[in-house]
Amino acid sequence: MFASRNGFVHICTWVFLCLRLSGADDYVLDDNVGLGRRFDGIGGLSGGGATTRLLVNYAEPYRSQILDYLFKPNFGASLDIIKVEIGGDAQTTDGTEPSHMHNENDENYFRGYEWWLMKEAKKRNPNITLVALPWAFPGWVGHGTNWPYDYPDITAYYVVSWIIGAKQYHDLDIDYIGIWNERKFNSNYIKLLRYTLDKSGLEKVKIVANDNLWQPISTSVLLDQELSKAVEVLGAHYPGTTTVMEALLTGKPLWASEDYSTFNDDIGGGCWARILNQNYVNGKITATISWNLIASYYEDLSFGRDGLMTAEEPWSGNYVVESPIWITAHTTQFTDPGWTYLQTVGHLVQGGSYVALTDGQGNLTIVIETMSHNHSQCIRPPLPAFNVSAQTARFQLKGSFGSLTSLQVWHSKFDFSTQNSTFFKKLAPTQLVDGSFTLDLDVDEVYTLTTITTGQKGVYPPPPPTAPFPKVYKDDFKVRNPPFTEAPNFADQTGVFEYFINLTDPGPHVFTLRQVVTQRPVTWASDADQTISVIGDHSWQNLTVTCDIFIETVKTGGVFIAARVDQGGEAVRNAKGVFFWVFADGTYKVTNDIAKKSVLAEGLSGTQAGVWHTLSLTVKGDFASGMLNGYPLWKSAVVLQPKKGWAAIGTSTFELAQFDNFEIQAE
């Protein structure tokens, strides 16, 4: 017995020394020791700030091609989850998204583009998971306060009505619903939301809470049995691949319900590769959702190009399939929600990580990443220092996988020195010897080894070349953009501008664009006190903006057209530019900012409510001038800053107003 045992020890020592001498590090993948958590998928977030705004304006076939790269199985990112914003009429990072209920007596389930986007995703992948979350709420929900929990029954009714409308009008079954993005939660509201869902026949809709931090929601769920029954998933934002013990003790699925948020160059792709593996390795996080889905908003807004791919030029048709698309494919094309992680996952000895998943029916997918620190930093949170070096890894498959003889191989290599990266390339299958295989791993690589044979790197012919926004642009709002309520290329930053049919006007202004938010919303960001929608090229310096305007609010109403608007998004309250205002009391004002604090010119205009007027604003060099109804109203206003920016339209307060025959001529 002892001799045999000593011989066994000697053999093991010999094997160990051989492995060390060969430079290989040994890893075991074994389902006999038990399985880990259920994999819930990888997704993208549309909204949280109108981030898909420009996609809807793409002409075919480019729009469908973009959607295929995002959602089509075995083609591109093949996303498992799409998460959307429940529009709340307020600024939520890069713009506003319209509510289905601007007021308590108003219901319209065809506003905006999220309904359309979910249907397009479902069309490509019927099994895709649908998640929704409010960032803001119309003002009536808070009864004039900036807090929706003061009236929890109204807030629950508002949210549940959106879910019912999704099914009734679009045949969309929402799978998960959130509470309030990145804000304090209210346990009583969560319980009331669960009760309202159940009472409405929506027992299958599950609650994610609270789309912020792991704490204090985790402790609250542990201490409150009723709250625990109401909450299905604990969702945290930007967890840095870690979790807390209290979250693990709940036994709930743990999601990075918003993550990434990083410029989509190759470092962004490296960030995505690292966290997709290490969210589970370090934090037992089973779903990761990218903010945002696609960078389809003006790049000079907040967090420009922070999507999985880029589509910000509907006027040219150009789009770019960025590296995060193919990094996503390394996991999504070879797994499905419902697969299970093996317990044997972890970090590589020389840096990097590996995960393994199975469908329980003999299939196995292994994803390995070796991203270095400087090439995988996400925008947040800060990334502690670590080292990664080239290494040789030997994987031993055991349990039900021990009899496998070959695995399909897909490979990505980030090349930051020559910018000659290779993404999602199919290599020759690797042959297993006695259930093992060896890989020579370089720094900044991603490998997928899998039994799944259906992977594909989808490709379309190159899209049209990039081009700037047209210098001459006109829209009379007669040609509508179904099924959308927004006019092409206008990006609402405060307020909501919708197509409108003016049935009381038999004249030339039947089809107009109307600002429709009349009460300050329950905000998520620092919305301006004025409404504004920007359009065009942020680099414009010299231009003329012309528009017919119609003030609807008697005595106190006012509208503007603007040029060189320098800021939007969460900074819109501080936007500067040249703003030409006219008011229902017969006055005008020219200001250097949207807040009307820096006045360049002012006087009488004769404008009034209920009458169409034509405004024209010209900015050239350091001077600006304005015309009213074809006649000069003011001229030679000195404009020193800003030097460039978008064109814009808007209103003086949250009020009804109409716009028609919008035109830009830029140099």
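Computed quantities for the displayed model
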read-out: Residues located in the range 215-230, provided they are of a type in the set (S, T, N, Q) and surrounded by 12 or more Cβ atoms within 10 Å (Cβ to Cβ); value: Gln215, Ser218, Thr219, Ser220, Ser228
read-out: Residue in the range 77-91 that is among the β-branched types (Val, Ile, Thr) and assigned to a helix (DSSP H, G or I) present; value: no
read-out: Condition met for Pro521 (outside the structural domain of Gly317 (by TED's automatic domain parsing) and more than 30 Å from Gly317 (Cβ to Cβ)); value: yes
read-out: Failed condition for Tyr499, given (1) in contact with a His (Cβ under 7 Å, 6 or more places away or on another chain); (2) without any contact (Cβ under 8 Å) to a residue 40 or more places away in the chain; value: (1)
read-out: Pick from the range 257-290, criterion charged (D, E, K, R) and outside any loop (DSSP other than H, G, I, E, B), ranking: farthest from Gly307 (Cα to Cα); value: Arg274
read-out: So Glu107, is it surrounded by fewer than 24 Cβ atoms within 10 Å (Cβ to Cβ), in contact (Cβ under 8 Å) with a residue 40 or more places away in the chain, acidic (Asp, Glu) and farther than 30 Å from Leu348 by Cα; value: yes
read-out: Hits in the range 167-178 - residues which are touching a helix residue (DSSP H, G or I) at 6+ places or on another chain (Cβ under 7 Å) and either within 15 Å of Met101 (Cα to Cα) or in a helix (DSSP H, G or I) (or both); value: His170
read-out: Hey, Asp68 at pLDDT 95 or above, of a type outside the set (A, V, I, L, M), in contact with a strand residue (DSSP E or B) (Cβ under 8 Å, 6 or more places away or on another chain) and not in a loop (DSSP other than H, G, I, E, B) or not; value: no
read-out: Entirely in the range 467-551, the strands (runs of 3 or more DSSP E) that have 1 or more residues that are crowded, with 21+ Cβ neighbours inside 10 Å and of a type in the set (A, V, I, L, M, F, W, C); value: 491-494, 497-501, 511-515, 531-535, 543-551
read-out: Test for Ile549: is it closer than 26 Å to Ala136 by Cβ, in the same structural domain as Asn502 (by TED's automatic domain parsing) and touching a residue at least 40 places away in the same chain (Cβ under 8 Å); value: no
read-out: When residues of the range 624-645 are limited to those that are free of Cβ contacts under 8 Å to residues at least 24 places away in the same chain and surrounded by fewer than 14 Cβ atoms within 10 Å (Cβ to Cβ), the one nearest to Asn661 (Cα to Cα); value: Gly630
read-out: Check on Ser372, at pLDDT 95 or above and either assigned by TED's automatic domain parsing to the domain that holds Pro61 or touching a strand residue (DSSP E or B) at 6+ places or on another chain (Cβ under 7 Å) (or both); value: no
read-out: Members of the range 569-623 that are in contact with a Phe, Trp or Tyr (Cβ under 8 Å, 6 or more places away or on another chain) and among the charged types (D, E, K, R); value: Lys589, Asp593, Lys596, Glu602
read-out: Output for the range 52-76, where each listed residue is in contact with an Asp or Glu (Cβ under 6 Å, 6 or more places away or on another chain) and more than 11 Å from Glu120 (Cα to Cα); value: Leu54, Phe75
read-out: Test: residue in the range 595-618 that is within 19 Å of Asp492 (Cα to Cα), of a type outside the set (S, T, N, Q) and touching a helix residue (DSSP H, G or I) at 6+ places or on another chain (Cβ under 8 Å); value: yes
read-out: In the range 417-448, the residues that are in contact (Cβ under 8 Å) with a residue 60 or more places away in the chain and either in the same structural domain as Phe75 (by TED's automatic domain parsing) or hydroxyl-bearing (Ser, Thr, Tyr) (or both); value: Ser421, Thr438, Tyr447, Thr448
read-out: Unmet criterion (only one of (1) touching a residue at least 40 places away in the same chain (Cβ under 8 Å); (2) not assigned by TED's automatic domain parsing to the domain that holds Ala24) for Gln396; value: (2)
read-out: Filter result (among the hydrophobic types (A, V, I, L, M, F, W, C) and buried (at least 18 other Cβ atoms within 10 Å of the Cβ)) within the range 610-621; value: Leu615, Leu617, Val619
read-out: Search result, residues across the range 583-609 that are crowded, with 20+ Cβ neighbours inside 10 Å, closer than 26 Å to Ala90 by Cβ and touching a residue at least 40 places away in the same chain (Cβ under 8 Å); value: Phe583, Asn592, Ile594
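For every residue, the table says whether it meets (1) surrounded by fewer than 17 Cβ atoms within 10 Å (Cβ to Cβ); (2) in the same structural domain as Arg520 (by TED's automatic domain parsing); (3) at pLDDT 95 or above; (4) in a helix (DSSP H, G or I).
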residue	(1), (2), (3), (4)
Leu130	no, no, yes, no
Asn146	yes, no, yes, no
Trp180	no, no, yes, no
Tyr189	no, no, yes, yes
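The values are calculated or read from the model by the stated rules, or taken from the named source; none is laboratory data. Keep in mind the model is a prediction, meaning the values are calculated, not measured. A quick note on method: Cβ atoms are made from the backbone with ideal geometry, for glycine too, and the neighbour counts reach across all protein chains shown.
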